[in-house]
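Here is the structure we will look at.
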């Protein structure tokens, strides 16, 4: 078992909307590769109460599909509490969750976003072929850069 | 001034995506206004061919906010496919499902109040846009924000205890439920050791109602008149007593004066309702066949439910209902912004119901599933947080779904929301020399009062700007704001 001590990985999406399932698929690959499922969280979307949850961890990864073009079809980058506020609490962005966590609970987990490019979003189960490739590449990069993962072993 | 068209897209702080178009004439007077639903959701088609027992699981993908409501409505329909009517479920199964439902309504109502409504209430409709949001609420009133999070969490914990940790979790199976409740699970919600207990939820719900009533005292004229208009009201009521009922009952509709328009067995709905379509929206417009498209539409949701029901069965919520009803001399309440007040009374009601159930030993029974003679049609109707939710499924002899029809709460409220947009647009935008952001926010508030769930589910990163477009009469873009 590869433990993810003090690290939470949140997959965001919906696997009945084609490539919107990329976030969940990323978690499924982690589970298949022996990472402990207790630290993997499947979410349709982030919600405000997640501000409390992430405060319990040292490191948090948010994994989601991305509709806009990104150079390598995936991207992993550090994120920080938002200074500007988003205009929808239905789709609470990760940096707003971090902001709420800091504002209400005075906690600042180290946070990263993993964006994986998707292409099709219709009501259908299954990723597109290119999305599967992007997912594989994102996962490989994640594993090769384990130093990103707090205290993984 | 040439004719202009104002487009607000998407509507902010509602569940899903939508677009508002307001057409102004040469003098700047509102000519017409529409709420468009721009995303087509082909779920009814998608589910065809799937085995019926998959429906309660698959329909949860319809919405990230209310998967439990879809799960339970589908489960009620699927029960009938295996020959089990609601009254034939075991007491334990019925009570566990009800507990799940009340947890869902409680968390959804608290989410709406604290995170969608409270910014407008705390800071006012004229506050800068960057201040009307939950982070600003948290900054100015940390305790209120914390309570909001804990109340939503309490409802979510109820759901988790019953339906499992992951989002794929389920409680209902054809004819019943697949798990019972344990003493440990019950104590978790009663003893207050790990999370604030159910008594705290009741106390906090009462506090929030007091907060709303005080706000009403100071802002009564605005609340009473904003986006107010007469309408019919539709909701489930208890089959025997006419009390407020959220899980299973008769469908009752009244007009704006309180005259009864409909009082039917819920499964008879299809003989009494039709759905109209408009070329500018994917969302249909349901109406009661007998009264036609113009006069037969209903509001649904908390306000409608308090109008259609005779009383509330839990004591604290009933006291609050009586105060609420006294404000309109026991006549139907057609004041749109009172929906927030009604929602909070329901939140208190759900907290009380949750306590009642937690203290009921039937919850820990082991008789979980009933059986019957299979049928080919099932109809499940519940009162979801946003209003009446209808699921209907037809199957072939192999149990594969051949037809599905869903009428979600927001569909029922489609006409009502459009009327609200028109009323507010006329009030705040007509013949004004300048269109300000607070004016646009008021239009959105008329929609948000219904807590609409416009579509859902695809929320990939980077796709939710607010775009405001001004177009002239020929459709040329003359101004645009992205926030």
The lone exception for residue B:205 - which of (1) more than 14 Å from every other protein chain (Cβ to nearest Cβ); (2) in a helix (DSSP H, G or I); (3) surrounded by fewer than 17 Cβ atoms within 10 Å (Cβ to Cβ) it fails: (3)
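Would you mind stating whether residue A:114 is within 13 Å of chain B (Cβ to nearest Cβ), touching a residue at least 60 places away in the same chain (Cβ under 8 Å) and within 24 Å of residue B:58 (Cα to Cα)? Please lay out each step first, then the result.
Values: within 13 Å of chain B (Cβ to nearest Cβ): yes; touching a residue at least 60 places away in the same chain (Cβ under 8 Å): yes; within 24 Å of residue B:58 (Cα to Cα): no.
The answer is no for residue A:114.
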Residue B:378 vs. criteria buried (at least 17 other Cβ atoms within 10 Å of the Cβ) and closer than 27 Å to residue B:228 by Cβ: no
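Condition check ((1) assigned to a loop (DSSP other than H, G, I, E, B); (2) buried (at least 19 other Cβ atoms within 10 Å of the Cβ); (3) modelled with pLDDT of 80 or more) across all residues:
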site: B:366; (1), (2), (3): yes, no, yes
site: B:373; (1), (2), (3): yes, no, yes
site: B:382; (1), (2), (3): no, yes, yes
site: B:388; (1), (2), (3): no, yes, yes
site: B:440; (1), (2), (3): no, yes, no
site: B:447; (1), (2), (3): no, yes, yes
site: B:457; (1), (2), (3): yes, yes, no
site: B:481; (1), (2), (3): no, no, no
Among the residues listed as B:42, B:64, B:18, the single one being at pLDDT below 75, more than 30 Å from residue B:119 (Cα to Cα) and within 14 Å of chain A (Cβ to nearest Cβ): B:42
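Of everything in segment B:293-306, what is within 16 Å of residue B:419 (Cβ to Cβ) and in a helix (DSSP H, G or I)? Give them in sequence order. Walk me through it before giving the result.
Kept after step one, since they are within 16 Å of residue B:419 (Cβ to Cβ), are these residues of segment B:293-306: B:293-301, B:303-304.
The answer is B:293, B:294, B:295, B:303, B:304.
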Residue in segment B:290-303 that is crowded, with 22+ Cβ neighbours inside 10 Å, out of contact with any strand residue (DSSP E or B) (no Cβ under 6 Å at 6 or more places or on another chain) and under 15 Å from residue B:409 (Cα atoms) present: yes
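Of these, B:72, B:144, B:100, B:122, which one is within 25 Å of the chain's Cα centre (by Cα), touching a residue at least 40 places away in the same chain (Cβ under 8 Å) and either farther than 19 Å from residue B:407 by Cα or in a loop (DSSP other than H, G, I, E, B) (or both)? Break it down into steps so the answer makes sense when it comes.
Working: B:72 fails: either farther than 19 Å from residue B:407 by Cα or in a loop (DSSP other than H, G, I, E, B) (or both); B:144 fails: touching a residue at least 40 places away in the same chain (Cβ under 8 Å); B:122 fails: touching a residue at least 40 places away in the same chain (Cβ under 8 Å).
The match here is B:100.
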Sole residue being surrounded by fewer than 20 Cβ atoms within 10 Å (Cβ to Cβ) and assigned to a loop (DSSP other than H, G, I, E, B), chosen from B:355, B:398: B:398
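Being more than 30 Å from residue B:78 (Cα to Cα) and in contact (Cβ under 8 Å) with a residue 12 or more places away in the chain is the filter here; which residues of segment B:255-280 pass it? Before the answer, list the steps.
We begin by selecting, within segment B:255-280, every residue more than 30 Å from residue B:78 (Cα to Cα); these are B:255-260, B:278-280.
Residues satisfying the conditions are B:255, B:256, B:257, B:258, B:280.
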Qualifying position, being within 25 Å of residue B:228 (Cα to Cα), part of a loop (DSSP other than H, G, I, E, B) and touching a helix residue (DSSP H, G or I) at 6+ places or on another chain (Cβ under 7 Å), among B:311, B:340: B:311
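So for segment B:106-124 (the condition being touching a strand residue (DSSP E or B) at 6+ places or on another chain (Cβ under 7 Å) and either in the same structural domain as residue B:76 (by TED's automatic domain parsing) or modelled with pLDDT under 95 (or both)), does at least one residue qualify? Steps first, please.
Of the residues in segment B:106-124, the ones touching a strand residue (DSSP E or B) at 6+ places or on another chain (Cβ under 7 Å) are none.
There is no residue in segment B:106-124 that is touching a strand residue (DSSP E or B) at 6+ places or on another chain (Cβ under 7 Å) and either in the same structural domain as residue B:76 (by TED's automatic domain parsing) or modelled with pLDDT under 95 (or both).
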Check on residue B:258, assigned to a loop (DSSP other than H, G, I, E, B) and either more than 20 Å from residue B:380 (Cα to Cα) or at pLDDT 90 or above (or both): yes
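Only one of B:263, B:334 is assigned to a loop (DSSP other than H, G, I, E, B) and surrounded by fewer than 22 Cβ atoms within 10 Å (Cβ to Cβ); which? Step through it out loud before you land on a result.
Values: B:263 fails: assigned to a loop (DSSP other than H, G, I, E, B).
Just one listed residue meets the conditions, B:334.
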Residue match in segment B:166-173 (condition: within 11 Å of another protein chain (Cβ to nearest Cβ), crowded, with 19+ Cβ neighbours inside 10 Å and at pLDDT 80 or above): no
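The values are calculated or read from the model by the stated rules, or taken from the named source; none is laboratory data. These numbers come from a predicted model, not from an experiment. When we count neighbours, we look across all protein chains shown, and the Cβ atoms used for this are built from the backbone with ideal geometry, even at glycine.
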